[in-house]
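One structure is given below, encoded as structure tokens.
The values are calculated or read from the model by the stated rules, or taken from the named source; none is laboratory data. What you see is a predicted model, and the numbers here were worked out from it, not measured in a lab. SASA here: full protein model, heavy atoms, side chains in, ligands and nucleic acids out. Shrake-Rupley method; radii C 1.70, N 1.55, O 1.52, S 1.80 Å.
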Amino acid sequence: MIRPILIHPDPRLKKLCDPVQEITSDLRTLAADMLATMYDAPGIGLAAPQVGVTRRLIVMDCMKAPDAPRPLILFNPEVVWTSDTLHTYEEGCLSIPEQYADVQRPDKATVRWMDPEGATQEETFDGLWATCVQHEIDHLNGKLFIDYLGLMKRQLITRKMEKLKRERAREAR
Ligand code: K1U
Ligand code: ZN
């Protein structure tokens, strides 16, 4: 099922999300819905708070070739190591449509998580995967990519999003 994606500003996007204790069938359904929602958008990642669920769950697929997908489901993802070298990428966010800005983050990140079977996984991500996994884990801590920008740029984008939400609400009437 495709779920609606929350648009900034929304208080649910600013919350510290709760860890998952047990992977229930509801959480497996949520993960499957998040992947469907991410591919439909289209996007390369999605975090549970973006669909209004404040739990520590993210999904990603940064493969460029559509014929070789690599869908990943990460419960309680934690960054356990980051490289000293940084990389700048022009990030976007499905909760902040059509706005992009350069964000500097560690070039590589080792992440530990629980998979849908409850097994612990660990992987060192690089390139777009490293950027994406850090962006998604930020969502679980109530942080958006615009929080890395200066106040003026952040306010400008927030006002654009408020306008977009007013227009969408008017169209839905
Ligand atoms: O978290 C999100 O809102 C998803 C976001 C992830 C992301 C993008 C860029 C840098 C870091 C994290 C997106 O997927 S925005 C859409 C996007 O980047 C994209 C869409 C289609 C094809 C390729 C990329
Ligand atoms: Zn995002």
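At a glance:
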read-out	value
Heavy atoms of HIS87 accessible to a 1.4 Å probe, total area in Å² rounded to 10	80
q = 0.09, 0.16, 0.20 Å⁻¹, the chain: log10 I(q)/I(0) [Debye, one scatterer per Cα]	-0.30, -0.97, -1.49
Selected from LEU72, LEU151, LEU128 as most flexible by GNM, with the chain as the system and alpha-carbon contacts under 10 Å	LEU151
Between segment 16-65 and segment 72-101, the alpha-carbon center distance in angstrom	14
Percent of beta bridges antiparallel (DSSP, the chain, rounded to nearest 5)	95
Rh (Kirkwood; distinct C-alpha pairs) - segment 108-151, Å	11.7
Reach of LYS165 by Cα under 23 Å, taken over lysines that are not fewer than 8 positions away in the same chain	LYS14, LYS15, LYS143, LYS153
Area of GLU78 that stays accessible when all protein chains are in place (1.4 Å probe, Å², to 10)	100
Segment 11-172, relative contact order in percent, only Cα pairs under 8 angstrom and at least six apart counted	22
THR82 - accessible surface, heavy atoms, 1.4 Å probe, Å² rounded to 10	50
